[in-house]
1. In straight Cα distance, which aspartates and glutamates are under 20 Å from residue 149, not counting same-chain residues fewer than 8 positions off?
2. Semi-axes of the range 1-99's equivalent ellipsoid from the Cα gyration tensor, sqrt of 5 times each eigenvalue, largest first, rounded to whole Å?
3. Can you give me the distance in nm between label points at residue 153 and residue 18, each placed 7 Å from the Cα along the Cα-to-Cβ direction?
4. Would you calculate the convex hull of the Cα atoms in the chain and tell me its volume per residue in Å³?
5. What does the helix-only formula give at 222 nm for the chain: each DSSP H stretch with n ≥ 4 adding -39500 (n - 2.57), the total divided by the residues, and the result rounded to the nearest 500 deg cm²/dmol?
6. Using the alpha-carbon centroid of each, what span in Å lies between the range 92-124 and the range 58-82?
7. Mind telling me which of 133, 25, 152 comes out most flexible in a GNM of the chain, alpha-carbon contacts under 10 Å?
8. Rounded, prolate or oblate, given the Cα gyration tensor of the range 21-62, with a/c below 1.5 counting as rounded?
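What follows is calculated from the coordinates using simple rules that are stated; it is not laboratory data. Predicted, not measured: the structure shown is a model, and the values here were computed from it. Here the Cβ positions follow ideal geometry from the backbone for every residue, glycine too, while neighbour counts run over all protein chains shown.
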Amino acid sequence: MARVYLTHFHPDHVFGNQGFDAGKITAPEGVITGLKDLGNSFSDAMYYIARDWMRGTEVVLPSTAVIEGIEDIGGRRLRLMPRAGHTSSDLAIYDEISGLLIAGDLAFLDRAPTTPHADIATWTTTLGELNSIDCNRLVPGHGPAETGKRAIAQTRDWLLAIRDVIERCFNEGLDMTEAMAAPLPAGLQQIALARYEFTRSVMHLYPKLESAKLPSVGGREK
Ligand SMILES: [Zn+2]
């Protein structure tokens, strides 16, 4: 095993890394910071959910930080692209010899994207950049590997659609519960966990809209 890259700090993408040589684990600086800040609370939450299945699982911090550029390792020539959008720090990797693009959770395919740490504007910008890469195979963070770039288009379509629906609900004065019941565009309803993730996204994005657009009360001047 030559190297382990952590694409972002979400628990389903980092826990279990202790199975590898700690000296070979690497991630962008923002992922390391995110793990320092959030890793133990992710671990607590996972113990609460998974109980004994989590026994012995610990947060292992990467020993080195990824920087933008090419890494020749393990017979591969990897273009390392620290970006952001799905979280504050995401890593995409392009294998320049095989044409394989590993998108991490910057791309989902046939499974609704998750947004607890997302910045949708940044995310769609990053997707535009990934879309310009001439890959011949793409591995999304969730969903099957594919020979096209459907994951990039579907993730972008989903993000733009839910942003529009949520903002429209907010501007119409609907509360969060009402917004959660809003219809999704027909083409997106069939994606796995569409309603579940849309509901979660309302919970993530409504408070941001409220703090950005509602006047403060109670004597706190902006
Ligand atoms: Zn994630």
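1. 90, 95, 96, 105, 110, 129, 134, 157
2. Square roots of five times the eigenvalues give 26, 15, 11 Å.
3. In this crude spin-label approximation the distance works out to 4.3 nm.
4. 153
5. Counting only the DSSP helices, I get -12500 deg cm²/dmol.
6. The range 92-124 and the range 58-82 have Cα centres spaced 16 Å from each other.
7. Looking only at 133, 25, 152, the biggest GNM fluctuation is shown by 133.
8. oblate
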